[in-house]
Amino acid sequence: MASNQELLDGNEYISAREEALFARDVDGQLIRRADASLTDLELDVRITIDGQAIVVKKAVPLRNSQGVVLVNDRGEVIPRPTTIYDAVTRMYVRSVEDINPVPILCHREHLQPVGVCRVCMVEIQEQRKSGRVKKDLVSACTYHVKEGMVITTLASQENPKTVEVLKDSVGVIVELLASEHLSQQDRENLVNAPKRYEPNELKKLVHRFVPNPTQLRYPPSELAGKRGLDSSSEIISVDHDACILCQRCTRACNEIKHNDVMARDGKGYPTKIAFDTNLPMLESSCVSCGECVISCPTDALQFRPLVIEKQIAKLSDDLHLTQSKSSKNSTEVLSPEQMLDIPIFNGIPYKFLQFNGGACVRRVLQPGDVLCKEGEYGSTAFLIQRGKFEIQISRSRSKAAKKPTERKGFFNRIFSSSSTGIATLATGSDHSNTNQETRFFRGPEDVILGEMACLNRSPRSATVVAVEESEVIEIGSNVLYMLQRNSASLKLLNEAYRRHALNSNLSRTPLCRSLSVAELDRLAQGVELISVEPGQPIFKEGEIGDEVYMIRLGYVKFSRMQGMRDQVITYMGPPNIEGEIGVFGEVAVLSKLYESELADELQALNFPAGVRTSSCTALDHVELVRIQGTLIRELTETNSEFRKTLLDRAESLLRRDAKREVSESTFKANFVAQGLYNAQSLLVLDLESCTRCDECSKACADAHEGQTRLVRDGLRFENFLVATSCRSCTDPYCLVGCPVNAIFREGDKEIVIEDHCIGCGQCATNCPYGNITMYGHQDGYRLEGNQKVPVVRQRATTCDQCKSIGGTPRCVYACPHEAAFRMSGEQLTTVVSERTTS
Amino acid sequence: MLLARKMHLHYGPIALASLLILGGGLWQYSLGTNEDPASGSSPAGLVVGSIAAGIILFELLLWPRKRLRKYKLGRTKFWVAYHLWLGLACGPLAFIHSGFRFGGTFTTFLMALLVLVLASGVFGWVMQVFIPRWMLGNLPQETIPSQIDDVSLLSALENRQMLTVTLGPKPPNTGKLVVLDDQLDALKSGRSLPSMTLDPTTPAIQKSKAIVVGALQRRDPQRVSFGQELADDLNASDRSEIWKQYTLVVEPFLLRNVISKSTQVASRSPIRNLQGAQEWFKNLQTSCSDSANPILIALQSTVEQRLQFDAQRMAHAWLHRWIAFHAGISVMLGVLLLVHIIQSLRYM
């Protein structure tokens, strides 16, 4: 190899001409680090941790804070180099109860590592190219694994001397931080072990690594204790003295929530975290989402008692109301401490649980009690603690069961789902499959129930009935999101999700009705659950296809080339309220399978067997069940009824495709582009009749304390104006990521935002149609006499179809010209089609 | 007209009821004899008059009904339907009540007022049937009337941004752009542009917020994003000319009513009507190279949008201005009717 090329990691070369400026240090060492490549995801790296050999991949997929693998524009997985911390986690943390021996302070699994605190120090030995063995203390969160690396952590049994060195090194760091950022009172209290639930991670480290917290070796700087407080916000208080500048808050604000409000300000000792251009929090553009507080490992950022008191008061009211109604079931709101006693909650920050008051409820059910009903909307999931539950999935779901009318409040929602109705229990086998429904059992080993409705905002896919005295912990969607940030609990949840999703989909698909339970199991083991990003193609017209897909989540569109234009033919969505599962892509597979039987149909369509007759593209975040054609062929060989079902379906599909005309009209394309397929209750104004009198907006404002929830403007669809007002989407994107679970779906379709909204604007950002409005005190305070009292800056508001004031949408009620209507996207197309033809 | 609203089912029974009332009135009138002809003071006339007066009072209730929108007092469309049909029946009833005579000055004035109320109502009715259809076909870019100036300001800002990206910074010798800092601050703080001269702390201003919905930015298909490479094809004189014409002609026209100075300039603007605008842009396209066409088309699109807004303002006025007149004379009619009733009762 030429001398101007450098060997990187033993198998890659880089030319000197490719090097960036300052790529080498003063000794001529190449300090540029090549990004991880796709091949690194498959490349094994052999390392030794605490005397045990372990093989890890050189890179792992980059994930977002919810553990979702990120892909680039080409749909390829984005790799990131595997760090020592990743490897140690893989070796030591097998379940949610295991503890990682590497202490961390500035790092969290869901954040990009920055290595500013160096508390995660480990000793490494790696061989240089010169053959010399390098021995060094490095930060585990940022240092990448390399072939042959030997790592010693604090848990090492073989190398006590190194462990002592590590303890001393970490101890110095922790002691320096403690001297500057912990008060004398705090340090004195650390003589005794801190509480198990102590939210201040620095205190725990001081207790662990500093032998005498009251007499530290290093004096604090002159600035200690003088950096000041920022108590301008009603929700969050900032104690700059307690801040260790770990950047967890800034990364949470900028990388997780993308609010871009927080940053470090200044240099040296006076450095502190700042909001915008070092404004008080109240005056900055901070939306008080609370992510920074949840991320803060010290007492620097805390929720103000007022917010927590409000939550507790609200909970007490809700609980009082619901307990008087549901006397049969035992329910108990869990405190943050009680929740942290449950192993799966280990990774959840104490402050998050504190902020969300009683986000979890323990429920004890008696045999026959219904936990949730198929078809109902629910924003909670159930962690199974003990007992046994029967899952009943009907083959065709009836209309969504109506909930009781009194359902205001988070706890009412939780408790109201606990119907006292007695369901018929299946007996005998562990998995029965009747004509009407599929029944099977779930226990504590299955970890969780109801997570699909909670995560996907879809109706419950099964009815769950307690078979014996059982106990569950009911959690809101925000707690479930938080659980996904921990790799151990994420793995557990993902496995459960995959199992439940496949069971639910396969058992309800008409194609699979002729399959026996054993064949269904075989099918379930052979299928894949895949995610597709918006705009990403699933398959293209003219391609050879050998996979069948079932839609679990999201919408896809089908298009066919018409000249140079890609013309939308139709679209398909997730299981609708009747529970029909969308199956697509089967034409190519079945036409190949029955090529001789379908010769006439194929000729009429002018498509060769096995070829995709249209292109399929994801319209939003889509989750699909992918079935390989080989698996279908295997099943047809053993099951003649299944074979016949498929043949019939293939015939009808080919005939449909042959008849389907691809019109030049932009009608369908507009329908898809405007997202109307997702709408259950559009406010549409017939522009032929609408006199633009604004009575709809005025009525809305009058009915809702002067704040209108609709804007009489928006996109036009033929002769109708789709006004800017909540559409009650089938898949409501607005429900994703609310930090306090204040937004949810009530009843069949209405989206409701409760009073404990903190005004972070996440839901408004998520809504692609701009149908959520933020209202409030823009200045962030109200005047009481001459005093400025901080208040929640804004609250989210959306149309709840006037559910809160009797149920009749005032906009439609007040229209004097029969011009305002509430209808679904499908109904709108019907009306438009009727007008066009008449 | 009514059939156009596709409300046969709703309007049918109401129209029938109105006809029945009218028929009843005529029957009452026919009961009169030559010796005792039906008049306002005859029993038949009194009955018919009472019915007409009741209808007029009911018609006046539409106003408080509209003010009490938050209460469920029956769907407004039914109120309006009754208002229209009973109102139409009310005129003939009043004539029947008077025995087809005008009587004295006061009653003549009262009858003239009633005719005026009916005529203005029918005029409004016609306007509200035909103008929405015209707007649907001719004003595809219409917006909320109160937001016209805000949207125009945003258009001007978008244009500046587009020209800076595609043509580079504005050359110094191409006129002076209006400073829009105050207007932008007003928009950011949620105030409405026309109210800027008022005290911003007044509740009226706090309530009227600048509304920007996604649709406003996506509705015009002619607006395209331009790449930086486009600027490379344009020569310096094109850049200078487009900036100059934009500064002197296009932006002042777009910012009419937003900036008072612009309002004066715009009244003499060569692009103040659609034909003029098309001609003017055609000339500009001729004087510039072909590479400038996409930019000019985009600018023309914003001008045409503004022209549509102007037409919308006009249409909105035709749609709703008559109501003030109709309501005003209706109230007057109501008051005078009370006087007439009291006067009549005194002489009975």
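Test each condition in (1) closer than 21 Å to A:ARG656 by Cβ; (2) touching a helix residue (DSSP H, G or I) at 6+ places or on another chain (Cβ under 7 Å); (3) free of Cβ contacts under 8 Å to residues at least 40 places away in the same chain for A:MET572 and report the one that comes out false.
Of the numbered conditions (1) closer than 21 Å to A:ARG656 by Cβ; (2) touching a helix residue (DSSP H, G or I) at 6+ places or on another chain (Cβ under 7 Å); (3) free of Cβ contacts under 8 Å to residues at least 40 places away in the same chain, the odd one out for A:MET572 is (2).
Would you confirm, using the coordinates I've provided, whether A:LEU647 is in contact with a helix residue (DSSP H, G or I) (Cβ under 8 Å, 6 or more places away or on another chain), at pLDDT below 85 and part of a helix (DSSP H, G or I)? Break it down stepwise before answering.
Working: in contact with a helix residue (DSSP H, G or I) (Cβ under 8 Å, 6 or more places away or on another chain): yes; at pLDDT below 85: yes; part of a helix (DSSP H, G or I): yes.
So A:LEU647 passes the test.
Tell me the residue from B:ALA52, B:ALA44, B:ALA15 that is more than 14 Å from chain A (Cβ to nearest Cβ) and at pLDDT 80 or above, please.
From the options B:ALA52, B:ALA44, B:ALA15, the qualifying one is B:ALA52.
Give just the number: which of (1) farther than 16 Å from B:ASN159 by Cβ; (2) among the hydrophobic types (A, V, I, L, M, F, W, C); (3) in a loop (DSSP other than H, G, I, E, B) does B:VAL258 not satisfy?
(1)
Just the residues that are of a type in the set (Lys, Arg) and under 30 Å from A:GLY706 (Cα atoms), please, taken from region B:62-118. Steps first, please.
First, pick out the residues of region B:62-118 that are of a type in the set (Lys, Arg): B:65-67, B:69-70, B:72, B:75, B:77, B:101.
B:ARG65, B:LYS66, B:ARG67, B:ARG69, B:LYS70, B:LYS72, B:ARG75, B:LYS77, listed by residue number.
All but one of (1) at the interface with chain B (Cβ under 10 Å from one of its Cβ atoms); (2) within 21 Å of the chain's Cα centre (by Cα) hold for A:ALA701, so report the exception by its number.
Just one mismatch for A:ALA701, condition (2).
Considering (1) over 30 Å from B:GLY91 (Cβ atoms); (2) under 31 Å from the mean Cα position of the chain (by Cα); (3) assigned to a helix (DSSP H, G or I), say which one B:PHE325 fails and leave the rest.
For B:PHE325, the failing item is (1).
Would you mind stating whether A:LEU654 is more than 10 Å from chain B (Cβ to nearest Cβ) and under 37 Å from the mean Cα position of the chain (by Cα)? It would help to see each step written out before you state the result.
On the way: more than 10 Å from chain B (Cβ to nearest Cβ): yes; under 37 Å from the mean Cα position of the chain (by Cα): no.
No.
Which is within 14 Å of chain A (Cβ to nearest Cβ) and in contact with a helix residue (DSSP H, G or I) (Cβ under 9 Å, 6 or more places away or on another chain), of B:LEU139, B:LEU118?
B:LEU139
What number goes with the only condition from (1) buried (at least 18 other Cβ atoms within 10 Å of the Cβ); (2) facing chain A (nearest Cβ under 8 Å); (3) modelled with pLDDT of 90 or more that B:GLY124 does not pass?
(2)
So A:TYR481 clears everything in (1) surrounded by fewer than 22 Cβ atoms within 10 Å (Cβ to Cβ); (2) in a strand (DSSP E or B) except one condition, right? Which one?
Exception for A:TYR481: condition (2).
Give me the residue from region A:730-741 that is under 16 Å from the mean Cα position of the chain (by Cα) and assigned to a loop (DSSP other than H, G, I, E, B) and, out of that set, farthest from the other protein chains (Cβ to nearest Cβ).
As a first pass, look at region A:730-741 and keep what is under 16 Å from the mean Cα position of the chain (by Cα): A:731-741.
Checking the rest, the ones that are also assigned to a loop (DSSP other than H, G, I, E, B) come to A:731-732, A:736-741.
On the way: A:ASP731: 18, A:PRO732: 17, A:VAL736: 19, A:GLY737: 20, A:CYS738: 21, A:PRO739: 24, A:VAL740: 25, A:ASN741: 27 Å.
If we take residues in region A:730-741 being under 16 Å from the mean Cα position of the chain (by Cα) and assigned to a loop (DSSP other than H, G, I, E, B), then A:ASN741 is farthest from the other protein chains (Cβ to nearest Cβ).
Residues that are crowded, with 20+ Cβ neighbours inside 10 Å, free of Cβ contacts under 8 Å to residues at least 24 places away in the same chain and in contact with a helix residue (DSSP H, G or I) (Cβ under 7 Å, 6 or more places away or on another chain): list the strands (runs of 3 or more DSSP E) wholly contained in region A:744-819 that include at least 1 such residues. Spell out the reasoning first.
Working: elements: A:750-753, A:773-775, A:781-784, A:787-790, A:795-797.
Per the criteria, no element qualifies.
Go through region A:109-128 and give me each residue that's in contact (Cβ under 8 Å) with a residue 24 or more places away in the chain, touching a strand residue (DSSP E or B) at 6+ places or on another chain (Cβ under 7 Å), over 18 Å from A:LYS167 (Cβ atoms) and open to solvent by 40 Å² or more (accessible area, probe 1.4 Å).
Correct list: A:PRO113, A:GLN125.
Could you check region A:515-526 and list, in sequence order, the residues that are open to solvent by less than 50 Å² (accessible area, probe 1.4 Å) and of a type outside the set (Gly, Ala, Ser)? Break it down stepwise before answering.
Initially, region A:515-526 is screened for residues open to solvent by less than 50 Å² (accessible area, probe 1.4 Å), giving A:515, A:517, A:519-520, A:523-524, A:526.
Answer for region A:515-526, where residues must be open to solvent by less than 50 Å² (accessible area, probe 1.4 Å) and of a type outside the set (Gly, Ala, Ser): A:LEU515, A:VAL517, A:GLU519, A:LEU520, A:LEU523.
Looking at A:GLN707, is it within 13 Å of chain B (Cβ to nearest Cβ) and over 30 Å from B:TRP79 (Cα atoms)?
no
Of everything in region A:527-545, what is open to solvent by 50 Å² or more (accessible area, probe 1.4 Å), closer than 11 Å to A:HIS621 by Cβ and not in a loop (DSSP other than H, G, I, E, B)? Give them in sequence order.
Matches in region A:527-545: A:SER531 only.
Against the definition (away from chain B (no Cβ under 11 Å), under 29 Å from A:VAL293 (Cβ atoms) and among the small types (Gly, Ala, Ser)), how does A:GLY785 come out, yes or no?
no
Do the conditions hold for A:THR691, that is, is it β-branched (Val, Ile, Thr), surrounded by fewer than 23 Cβ atoms within 10 Å (Cβ to Cβ), farther than 18 Å from A:MET572 by Cβ and within 14 Å of another protein chain (Cβ to nearest Cβ)?
The answer is yes for A:THR691.
Looking at the structure I just gave you, is A:VAL722 hydrophobic (A, V, I, L, M, F, W, C) and either assigned to a loop (DSSP other than H, G, I, E, B) or within 12 Å of chain B (Cβ to nearest Cβ) (or both)?
Taking the combined requirement at face value, the residue satisfies it.
Go through the residues of region A:57-64 one by one and say whether even a single one is at pLDDT 70 or above, out of contact with any Leu (no Cβ under 9 Å at 6 or more places or on another chain) and farther than 25 Å from A:ILE256 by Cβ.
Scanning region A:57-64 turns up no residue that is at pLDDT 70 or above, out of contact with any Leu (no Cβ under 9 Å at 6 or more places or on another chain) and farther than 25 Å from A:ILE256 by Cβ.
What pairs can you find where one residue is in region A:474-496 and in contact (Cβ under 8 Å) with a residue 60 or more places away in the chain and among the charged types (D, E, K, R), the other is surrounded by 23 or more Cβ atoms within 10 Å (Cβ to Cβ) and assigned to a strand (DSSP E or B), and their Cβ atoms are less than 6 Å apart, with a gap of 6+ or different chains?
A:GLU474/A:VAL361; A:GLU474/A:ARG363; A:GLU474/A:THR380; A:GLU474/A:PHE382
Looking at A:ARG727, A:ARG793, A:ARG745, can you tell me which residue is within 14 Å of another protein chain (Cβ to nearest Cβ) and over 22 Å from A:PHE671 (Cα atoms)?
None of the others qualify; the one that does is A:ARG793.
Which of the following residues is of a type in the set (A, V, I, L, M) and at pLDDT below 85: A:ALA400, A:ALA381? Quick ask: steps written out before the conclusion?
Values: A:ALA381 fails: at pLDDT below 85.
Only one candidate qualifies: A:ALA400.
Considering every residue within region A:435-451, establish whether at least one is in a helix (DSSP H, G or I), modelled with pLDDT of 75 or more, over 13 Å from the mean Cα position of the chain (by Cα) and of a type in the set (Gly, Ala, Ser). Steps first, please.
As a first pass, look at region A:435-451 and keep what is in a helix (DSSP H, G or I): A:444-446, A:451.
Pick out the ones that are also modelled with pLDDT of 75 or more and you get A:444-446, A:451.
Keeping just the survivors that are over 13 Å from the mean Cα position of the chain (by Cα) gives A:444-446.
Cutting the leftovers down to of a type in the set (Gly, Ala, Ser) gives us none.
No: zero hits.
The values are calculated or read from the model by the stated rules, or taken from the named source; none is laboratory data. In this text, all values refer to a predicted model and were calculated from it rather than measured experimentally. We place every Cβ from the backbone using ideal geometry, glycine too, and count neighbours over all the protein chains shown. For accessibility, only protein heavy atoms count, side chains too; no ligands or nucleic acids. Shrake-Rupley method; radii C 1.70, N 1.55, O 1.52, S 1.80 Å.
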